[in-house]
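See structure below.
Every read-out reported here was derived from the displayed coordinates using simple, explicitly stated rules and does not represent laboratory data. As the structure is a prediction and not an experimental result, all values here were calculated from the model. Here the Cβ positions follow ideal geometry from the backbone for every residue, glycine too, while neighbour counts run over all protein chains shown.
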Amino acid sequence: MTTHASAEKSFLEKYVFSIDHKVIGIQFLFSSLFFFCMGGLLAMLIRTQLAWPWQEIPIVGGLLYGKSGSILAPETFPAIVTMHGTIMIFFFIIPVLSGAFGNFLIPLMIGAKDMAFPRVNMLSYWLMVPAFLIMLASFFVESGTAAAGWTSYVPLSALADKIPGSGTGQTLWIISLLLVGTSSLMGAINYITTIIMLRAKGMHMFRLPLTIWALFITAILALLATPVLTSALLLLLFDRTIGTHFFLPSGGGQVLLWQHLFWFYSHPAVYIMILPAMGMASDMISCFARKPLFGYRPMVYSIMAIAGLGFIVWGHHMFQSGMNPVLGMTFMTSTMMIALPSAIKTFNWLATIWRGQIRITAPMLNALAFVSTFVIGGLSGIFAAAIPVDVFIHDTYWIVGHIHYVLFGGSLFGVFGAIQYWFPKMFGRMMDDRWGKVHFILTFIAFNCVFFPMFILGMGGMPRRIADPYNYAFLTSLQPMNQFMTISAYILGLSQLVLFGNFFAGLFWGKKATNNPWEANTLEWTTTSPPPEHNFDTDPVVYHGPYEYSSPMVKEDWLPQNQALAGSAAD
Amino acid sequence: MGGLLPQASTFGPGVDSLFMLVLIVTGVAFVLVEGLLIYFLIRYRSRPGQKAAYIHGNHKVELAWTIIPGLMLFSLALYQRGAWVTMKQHLPNESQSVLVAVSAKQFEWHATYAGDDGRLDTEDDVVAPINILHAPVDQPVIVRLTSQDVIHSFFVPQFRIKQDAVPGMNIRLWFQATETGQFEIACAELCGLGHYRMRGQVTVESADDFKTWLAEVKAKQSGN
């Protein structure tokens with residue numbers, strides 16, 4: 001990037017090194033969508049290998065696996081699996097939810113001009129950029145990128161001679177994630193402060209939309225959990241570089257310590273990856289059902305319960321790890337109980353559409369897909385919480401299916417919905433709803449064809465992260481199913497072209513958006529599309545909760561939060 | 001294709017029936033939720049000029065759908081404790097069991113059996129060939145599991161057992177096979193580039209055949 005004249009410098013300030021939360025949100029959106037594509041392409045490579053192991057890859061094989069003659073090399077498979085997980089989690093789902101939607105929506109939905117700390121906010125994005133570059137660079141180091149799984153279990157991730165990726169690649173992985181963690185931490189502090197301090201007049205905590213509640217609790221989770229990941233990463237870095245033995249038994253270290261520290265962060269991180277999507281889906285469902293959200297307070301309390309319990313279930317990743325089985329029983333009980341707030345949320349979503357006037361739009365379909373697939377994700381987790389069953393299904397494709405129903409089925413459908421729902425506010429134009437529905441139907445069908453069979457593979461005992469399942473006699477009969485899943489995965493991948501086509505067509509040629517195209521109540525729809533730099537021309541005053549749809553007090557079936565009625569008070 | 005992999009150990013029936021129980025409970029919840037979702041979506045789609053019901057919630061309903069699933073989940077948690085204790089906490093009596101130390105390393109399983117003295121780590125231990133285990137049918141086998149390098153996981157799918165092999169730790173697990181035959185051991189924890197081919201085999205045979213095999217291995221061992 002060059003800076004010739006002062007005019008261009010102002011462009012830089014406005015769109016690149018911006019302190020405007022909306023621009024930062026959109027920067028997060030575009031970067032995370034780039035990594036979504038990359039993570040998706042890596043998934044295609046995984047699926048190709050599982051359907052037709054060790055086959056020469058036509059056309060692109062030379063480019064991908066030139067060194068090994070267009071065929072995937074055994075050391076490459078763990079690397080691809082590792083990077084698919086790492087990229088999807090740390091560079092796509094977390095940044096798109098908290099970074100993109102958190103940034104864009106928080107000030108707009110609470111009626112603030114910007115974040116509490118706009119420069120910290122800018123820094124939280126610009127710390128991600130070196131993290132992106134370092135992780136991308138790790139693909140080109142001689143021993144290849146990190147290959148010990150996104151969980152980077154020690155000692156595999158600590159000892160360079162145990163797998164090629166545990167050379168320089170793993171060190172770059174650690175440094176990159178340290179930057180990501182620092183960025184999340186800055187975002188979290190900023191979001192918490194903003195939501196506590198900068199709410200518009202009349203916006204009590206219990207008038208906040210659930211999107212904001214979810215982002216608020218998510219920020220608290222990130223604030224409390226991320227430092228633990230940072231410490232664990234630093235200890236691992238020391239073990240790798242300066243000869244300490246925190247995790248290595250050869251020098252008195254503890255292998256399981258890494259898992260405790262890692263999951264102490266990464267289990268709450270699962271909720272960092274789903275709560276914002278729950279919040280956004282709640283807003284979309286209430287809006288398109290034209291009906292108040294059923295059980296607003298129980299919905300808020302269940303978010304809090306999920307977050308609270310989320311801190312005491314990390315051990316359920318470690319039932320077979322050698323952790324004391326008595327401790328396993330404790331984690332089993334807390335894990336069973338965390339299903340409860342999720343169940344409460346599901347019932348409230350159902351009750352919200354009951355007796356509604358449902359407008360079936362693309363964002364609504366995606367929000368409902370969120371609910372229906374999250375249910376499968378949640379219920380499949382109960383099998384794993386039944387610990388005697390977990391002994392069998394742990395580390396099999398059952399778990400892979402479970403996490404993908406939660407994170408793709410849940411979070412990603414939430415994101416698809418949110419992109420289409422807030423697109424008019426972000427860019428001032430509409431995405432095409434009909435193409436949105438085409439994308440939805442293709443994605444929904446292909447998604448289920450890829451991920452539902454994973455439960456069947458899990459019941460057949462197929463372990464995860466194995467490059468060639470058919471090396472085992474008991475798995476050979478699963479090859480046709482794996483091939484079906486792979487073909488479905490290709491269709492799923494191609495279907496995303498419809499989304500991107502629709503996105504960019506909307507960006508350049510979409511119909512101009514009005515201020516409130518969905519006839520929604522929350523404050524972001526009371527300003528222009530896109531909003532001015534300071535968000536609101538007059539400071540909004542809030543008189544109602546966010547879900548006053550179909551109120552008998554007004555003729556319309558919506559009642560914006562800032563619309564005063566006779567007798568309504570702002571405090 | 002489809003269904004649970006056939007089981008062949010004393011843990012099998014318990015694990016599989018618990019699986020079926022959870023499948024029934026979650027299956028009912030699944031059909032109920034998805035059914036209502038689809039029904040509401042069709043029944044309550046928007047009609048011009050109509051408003052939705054203006055309802056914000058219902059205290060009693062919230063209580064009902066908190067307490068009922070809460071009790072169900074908690075009962076499920078209590079119900080399964082016994083099976084877990086049997087599988088992972090209480091080991092059978094050593095004197096009536098076969099003792100074997102399994103040490104994993106990239107990408108091999110090394111088994112060492114207790115000899116006639118019935119104890120491990122003594123002179124008369126019997127070192128089995130790489131990736132080979134034998135077990136007598138209907139008799140408990142106690143495995144003392146460790147790893148020499150990275151984490152591996154000892155998984156015999158048909159026996160419904162899985163336990164990580166962790167360097168620096170000796171973890172004890174047990175199983176009792178109920179059928180004779182060959183069963184594969186799969187590594188279930190990513191352990192390196194050869195993870196997918198870290199395959200072992202357990203041969204389950206009659207007590208006599210097992211003794212014969214152990215004696216043969218021992219003879220070969222002392223022959224060297």
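Points to keep in mind about this one:
- Measuring spread by the Cα atoms of the stretch A:236-331 yields a radius of gyration and Dmax of 19.5, 63 Å.
- In the protein assembly as shown, the DSSP-assigned H stretches of four residues or longer account for a calculated mean residue ellipticity at 222 nm of -17500 deg cm²/dmol, using -39500 (n - 2.57) per stretch and the full residue count as denominator.
- Inter-part distance where the stretch A:400-464 and the stretch A:372-396 are each reduced to a Cα centre, Å: 20 Å
- Peptide A:142-154, shielding by other chains (average Cβ, 10 Å cutoff): 2
- Descending principal axes extents, the stretch A:172-288, alpha-carbon based, whole Å: 59, 26, 22
- Convex hull of Cα atoms in the stretch B:12-88, direction-averaged projection (nm²): 7.2 nm²
- Cβ neighbours within 10 Å from other chains - mean over A:292-305: 3
- Each residue, B:Y54 and A:I242, gets one label point 7 Å from its Cα in the Cβ direction; the gap between the two is 6.6 nm.
- Under a model in which nothing but the beta-carbon of Lys, Arg (+1) and Asp, Glu (-1) is charged, chain A shows a dipole of about 700 debye around its Cα centre.
- Considering only A:M485, A:F503, A:F427, the residue lying farthest towards the positive end of the dipole of the stretch A:420-506 is A:F427, judged by Cα position with unit charges set on Cβ.
- Rg to Rh quotient for the stretch A:487-571, alpha carbon positions, Kirkwood Rh: 1.17
- Ordering B:F210, B:V141, B:L4 by the projection of their Cα atoms onto the charge dipole of chain B, which places +1 on the Cβ of Lys and Arg and -1 on the Cβ of Asp and Glu, puts B:L4 at the extreme positive end.
- 3J(HN,Hα) along the stretch B:65-79, derived from phi through the Karplus expression 6.51 cos²θ - 1.76 cosθ + 1.60 where θ = phi - 60°, amounts to 7, 9, 6, 4, x, x, 5, 4, 5, 5, 5, 4, 4, 5, 4 Hz, with x in place of Gly and Pro.
- Ranked list, fewest to most other Cβ atoms within 10 Å of each Cβ, for B:Y44, A:Y547: B:Y44, A:Y547
- Of the DSSP H helices in chain A, those that are both long (alpha-carbon extent of 24 Å or more along the helix axis) and hydrophobic (Kyte-Doolittle mean at least 1.0) are A:21-51, A:118-137, A:168-197, A:210-241, A:325-353, A:362-385, A:433-459.
- For A:S18, no residue has an amide H sitting under 5 Å from its own, ignoring neighbours fewer than 5 places away on the same chain, with H placed 1.01 Å from N.
- Annotation: amide H of A:R429 within the under-5 Å range of A:A513, sequence separation 5 or more or interchain, hydrogens built in the peptide plane.
- A convex hull fitted around the alpha carbon atoms of the stretch B:94-223 yields 98 Å³ per residue.
- A simple rule links phi to the HN-Hα coupling: the Karplus curve 6.51 cos²θ - 1.76 cosθ + 1.60 with θ = phi - 60°, which for the stretch A:312-319 gives 10, 10, 4, x, 6, 7, 10, 4 Hz, with x for Gly and Pro.
- Residue order, fewest to most surrounding Cβ atoms within 10 angstrom, among B:E205, A:E56: A:E56, B:E205
- Across the stretch B:42-49, computed HN-Hα scalar couplings (Karplus, 6.51 cos²θ - 1.76 cosθ + 1.60, θ = phi - 60°) run 7, 5, 10, 5, 5, 10, x, x Hz from first to last residue, x flagging Gly and Pro.
- Dimensions of the protein assembly as shown based on its C-alpha atoms, expressed as ranges along the principal axes with the largest first, amount to 97, 66, 46 Å.
- A cut-off of 5 Å between modelled amide H atoms, ignoring neighbours fewer than 5 places along the same chain, links B:S9 with B:T178.
- Cβ-Cβ FRET estimate between B:N170 and A:A473, R0 fixed at 30 Å, reported to 0.05: 0.50
- Projected onto planes of every orientation and averaged, the convex hull of the alpha-carbon atoms in the stretch A:17-273 covers 14.7 nm².
- Inter-chain Cβ neighbour average for residues A:377-388, partner chain, 10 Å: 6
- Rg of the Cα atoms in chain B, relative to 2.2 N^0.38 Å, amounts to 1.46.
- Share of Cα-Cα pairs in the stretch B:77-122 lying beyond 18 Å, as whole percent: 51 percent
- From the C-alpha gyration tensor of the stretch A:1-140, square roots of 5λ in Å: 38, 18, 11
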